[in-house]
Amino acid sequence: MELAAIKSIAAAIAIAIGAIGPALAIGKLAGKAMEAIGRNPEAASKVQTAMILAIAFTEAIAIYALVVALVIKFA
């Protein structure tokens, strides 16, 4: 196999694995936040703020995976 093909496959695997984890985490996080808001609507603003902050940190992991995939592909 050619080196470029191996790099492409490695980059694809890196971004696929790196995106699955954050996607599952964000889905679970949003679901639990909606449950919490449903149980206690008065705390919606506090729950929403914490949820958005957690989603931002979780999404950073996917961005790191993208950077790793780009380094594998082009370096």
(request) Using the structure shown, decide if S8 is assigned to a helix (DSSP H, G or I) and closer than 28 Å to V67 by Cβ. (result) yes
(request) Scan segment 1-26 residue by residue and report those that are of a type in the set (G, A, S) and either modelled with pLDDT of 95 or more or surrounded by 12 or more Cβ atoms within 10 Å (Cβ to Cβ) (or both). (result) S8, A10, A11, A12, A14, G18, A19, G21, A23, A25
(message) Restricting to segment 56-67, give me the number of residues that are surrounded by 14 or more Cβ atoms within 10 Å (Cβ to Cβ) and either of a type in the set (G, A, S) or modelled with pLDDT of 95 or more (or both).
(response) 2
(request) Check A43, A54, A65 and return the single one that is in a helix (DSSP H, G or I) and under 30 Å from L3 (Cβ atoms). (result) A65
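The values are calculated or read from the model by the stated rules, or taken from the named source; none is laboratory data. Treat the numbers as computed from the prediction; the structure is a model and nothing was measured. Glycine gets a Cβ as well: all are built from the backbone with ideal geometry, and neighbour counts include every protein chain shown.
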